[in-house]
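Worksheet: one structure, shown below.
The values are calculated or read from the model by the stated rules, or taken from the named source; none is laboratory data. Just so it is clear, the structure is predicted and the values come from calculations on it, not from any experiment. Quick reminder, even Gly has a Cβ in these numbers, built from the backbone with ideal geometry, and neighbours come from all protein chains shown. What goes into the accessible areas is simple: the full protein's heavy atoms, side chains included, and nothing from ligands, DNA or RNA. Shrake-Rupley method; radii C 1.70, N 1.55, O 1.52, S 1.80 Å.
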Amino acid sequence: MNGAKTCPTCGSEVPADFKFCGKCGTRVDGTTSSSSSVPAAKTMYFGTNQVPGRAKLIVIKGEGMDGLSYQLAGNEHIAGRSEGAILFPDDPLMSPRHANFIYRDNKLFVRDEGSVNGIFMRIKVPTSIPSGGLFLIGEQLLQVEPSPPDLGPQPDAESTYFYASPKRPSKMKLVQRLRGGEVGMIYRARGDTITIGREGNDVNFLDDPFISGRHAQLAISTDGQMTLTDLGSKNGTFIRLGDETQLAHGDYVFLGQQLLRVEIA
Amino acid sequence: MLPTLKGDPVITCSRCGKENQDHYKFCLGCGNEIKPAPKPATREPAPLETARTILPPEAKPVSGSLGNEPTPLPTLSPPAAGKAKGGIPWNDSPKMPITPSNGGGVASGMLGAVTPPPLTPGSTDPGNWAAPRPMPTTPQAQPASAPTPSPAVVASAPAAVEGTVCPNCGRMVSPGFAFCGACGTRMNVAAAAPSPRTMYMSGPTATPVPRGRIVLIRPDGSEGGAHPLHDGENLVGRSQGSLFEGDLYLSPRHAEFQLGPQGLVVKDLRSLNGVFAKISGEEPLESGDVIRIGQELLRFEIIAPPTALEDGTEVAGTPNPGFWGRLSVVVGRDVDGSAFPLFGDAIVMGRERGDILFPEDGYVSGTHARISLRDGRVYLADVGSSNGTFLRVRGERTLPSGSFILMGQQLFRAEYK
């Protein structure tokens with residue numbers, strides 16, 4: 001393997017005299033300096049040729065432009081920054097081994113492989129969101145937490161009461177998570193809902209160009225169940241997946257900074 | 001803090017209820033002569049810890065001696081939420097019309113926040129100071145119509161009745177009383193019946209005149225009782241000194257005041273609620289510092305720039321639009337309410353004007369305080385508020401004479417020569 005090259009797309013070793021990466025098909029002969037730019041829209045085949053009923057992941061590159069796509073022809077397909085077949089080596093928000101796309105009974109599932117930043121899926125209907133659940137709206141990573149029950153003043157072990165700011169009851173709060181993990185702002189709901197958008201809502205992100213005027217709404221029911229609803233936004237509302245989740249044709253999934261569309265023939 | 005050793009028979013004072021050892025001739029609580037009680041077994045069998053919480057302050061003022069109304073006594077029942085808040089119209093209106101924004105949206109967002117309707121007249125900027133908390137009191141103890149919350153403490157009412165000032169603690173003692181009801185100091189050596197047994201109490205001649213004192217400042221600005229400050233260490237807490245006894249927001253051992261040649265240094269003894277000093281001028285802030293303005297308890301934290309994890313992954317999130325700090329409203333022990341990002345050169349807090357608004361807090365001035373960033377350091381300053389801006393003492397702090405301090409639910413002024 002003297003003089004072997006490294007494929008810029010998937011990281012595989014490519015023999016020196018090969019013009020294309022045998023694994024992912026990227027041109028590696030050096031004549032195309034486009035290897036660093038976004039590959040043109042094309043379909044990569046893993047294993048065998050496209051099989052009917054099998055899925056394809058299409059990388060969305062902004063403004064609806066489709067980028068690279070990955071044919072999911074095996075049984076399991078690891079995606080990550082440095083492991084697996086679907087590699088995004090330049091995405092710092094991608095864990096080395098991030099997600100796994102799995103077939104079970106001819107159905108496609110996605111599973112978080114213990115990634116730091118998780119997998120987010122665009123919601124199509126009002127969706128239940130758990131306590132501490134994270135969701136993505138435009139550039140905003142937000143977290144919702146129900147307020148803990150008010151137990152009233154509780155003295156400590158020495159029978160001393162804790163002094164706190166006056167109580168202003170709120171059923172849930174919305175936490176903005178900044179890149180790096182810090183909390184930005186925390187907004188406490190005034191009623192049973194929080195509307196989020198660019199203007200005219202309870203919480204407005206004026207300068208986030210990816211957020212629609214009225215984008216999404218959180219609601220909490222009397223029994224504390226919280227629901228996230230997209231209000232017909234352009235770019236969608238994405239909820240972080242907990243368990244292994246089935247994917248359907250047309251689903252959108254965020255891994256790291258990569259937005260992927262699922263196509264099932 | 002047990003009044004008696006275990007197993008010792010006790011005599012409960014018929015006047016003030018304090019338990020005294022059976023060889024005492026005079027009640028340690030009120031100075032009343034103790035008649036040998038035939039039934040010392042009437043003592044409540046309740047567990048002591050519980051009893052301590054339920055019981056009124058041991059140095060319950062003798063009727064009339066302090067010119068005091070029967071004080072609302074702390075009970076185990078939790079403070080009635082919403083009660084005894086004085087004239088502050090708490091409601092569920094928005095705490096702050098927050099419009100968080102990204103980057104340059106600062107101006108149109110938080111700075112442009114709309115101020116909710118004004119508070120009812122009379123509820124704003126009351127007097128000198130006012131932020132006593134509703135104590136865990138019985139609801140009827142404090143009339144809801146009171147214009148300002150009255151601190152439910154022992155020494156708060158004016159000493160309207162004639163009497164003598166205790167040389168030790170400064171409290172008023174009724175004429176004819178041989179002992180100070182608050183601290184037990186003998187008031188008049190000649191008048192006190194000599195006891196056949198030795199009483200280990202310091203008389204006025206044995207007590208050096210205290211060089212300083214901690215004066216209670218009532219909500220209306222007048223002075224309440226005082227706690228003496230002697231040279232050396234002076235311990236203050238719920239179980240240290242009658243001025244503090246009724247305040248369940250004080251730890252039993254709350255703070256230590258060290259009076260030395262260099263002045264007065266207060267040291268927080270890891271109390272639950274801390275000691276807050278009123279600031280003058282600009283005060284450097286550190287991440288984790290806790291601030292009091294009006295009734296708001298706020299925690300300042302620095303927002304650190306993101307760093308990658310060990311495996312090179314960065315934690316995803318909203319791109320930071322320039323937030324360098326965060327101010328969180330503390331609504332309970334380890335519970336935060338709203339949090340406001342800090343950005344730009346300075347952020348102003350106030351009830352009506354500024355970037356962070358507390359429209360419901362009548363003790364916050366229209367514009368109250370400012371947090372600014374300069375040369376990589378963060379500073380807190382009061383901007384002419386009525387009630388002042390207070391910073392929780394980290395470890396210890398030197399207090400010039402005349403300093404205002406918040407401990408528990410009361411405001412004090414420390415004075416010394």
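Worth a mention:
- Single residue of the range A:141-163 satisfying the filter (within 7 Å of chain B (Cβ to nearest Cβ) and among the hydrophobic types (A, V, I, L, M, F, W, C)) that is surrounded by the fewest Cβ atoms within 10 Å (Cβ to Cβ): A:F162
- Meets criteria (within 10 Å of chain B (Cβ to nearest Cβ) and in contact (Cβ under 8 Å) with a residue 40 or more places away in the chain) for A:R188: yes
- Selected residue (criterion: nearest to B:A304 (Cα to Cα)) from residues of the range B:384-404 that are surrounded by fewer than 17 Cβ atoms within 10 Å (Cβ to Cβ) and in contact (Cβ under 8 Å) with a residue 60 or more places away in the chain: B:R394
- Hey, B:R333 closer than 16 Å to B:G395 by Cα, open to solvent by 10 Å² or more (accessible area, probe 1.4 Å) and at the interface with chain A (Cβ under 9 Å from one of its Cβ atoms) or not: no
- Enumeration of residues in the range B:297-335 that are touching a helix residue (DSSP H, G or I) at 6+ places or on another chain (Cβ under 8 Å) and under 11 Å from A:R179 (Cα atoms): B:P321
- When the strands (runs of 3 or more DSSP E) confined to the range B:365-414 are screened for residues that are among the polar types (S, T, N, Q), those reaching at least 1 such residues are found at B:369-374, B:389-392, B:396-399, B:403-407.
- A:G25 open to solvent by less than 60 Å² (accessible area, probe 1.4 Å), of a type outside the set (S, T, N, Q), over 17 Å from A:V262 (Cα atoms) and at pLDDT 90 or above: no
- Qualifying residue in the range A:214-231 (condition: among the basic types (K, R) and under 18 Å from the mean Cα position of the chain (by Cα)): no
- Some residue of the range A:94-104 being charged (D, E, K, R) and farther than 20 Å from A:G180 by Cβ: yes
- Residues (modelled with pLDDT of 95 or more and open to solvent by 20 Å² or more (accessible area, probe 1.4 Å)) located in the range B:283-313: B:E283, B:P284, B:E286, B:S287, B:G288, B:V290, B:R299, B:E301, B:I302
- Selection status of A:M172, at negative phi, touching a Phe, Trp or Tyr at 6+ places or on another chain (Cβ under 8 Å) and hydrophobic (A, V, I, L, M, F, W, C): no
- Among residues of the range B:352-383, those that are more than 22 Å from B:I303 (Cα to Cα), more than 14 Å from every other protein chain (Cβ to nearest Cβ) and β-branched (V, I, T), counted: 2
- Residue in the range A:182-190 that is more than 22 Å from B:L357 (Cα to Cα) and in contact with a Gly (Cβ under 9 Å, 6 or more places away or on another chain) present: yes
- The set of residues in the range B:373-383 being modelled with pLDDT of 95 or more and either buried (at least 16 other Cβ atoms within 10 Å of the Cβ) or not charged (D, E, K, R) (or both) consists of B:L373, B:V378, B:Y379, B:L380, B:A381, B:D382, B:V383.
- Residue within the range B:267-281 that is open to solvent by 40 Å² or more (accessible area, probe 1.4 Å), polar (S, T, N, Q), part of a strand (DSSP E or B) and more than 11 Å from chain A (Cβ to nearest Cβ) present: no
- Identity of the residue in the range A:193-214, among the β-branched types (V, I, T) and open to solvent by less than 10 Å² (accessible area, probe 1.4 Å), that ends up farthest from A:T227 (Cα to Cα): A:I211
Condition check ((1) among the acidic types (D, E); (2) open to solvent by 20 Å² or more (accessible area, probe 1.4 Å); (3) under 17 Å from the mean Cα position of the chain (by Cα)) across all residues:
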| residue | (1), (2), (3) |
| --- | --- |
| A:Y70 | no, no, no |
| A:G74 | no, yes, no |
| A:G84 | no, yes, no |
| A:L93 | no, no, yes |
| A:R97 | no, yes, yes |
| A:N106 | no, yes, no |
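- Enumerated strands (runs of 3 or more DSSP E) restricted to the range A:163-265, each holding at least 1 residues that are over 28 Å from B:E301 (Cβ atoms): A:193-197, A:214-220, A:226-230, A:237-240, A:245-247, A:252-255, A:258-264
- For the range A:115-140, a residue qualifies if it is within 14 Å of chain B (Cβ to nearest Cβ) and not in a loop (DSSP other than H, G, I, E, B), and the qualifying residues are A:I119, A:F120, A:L134, A:F135, A:L136, A:I137, A:Q140.
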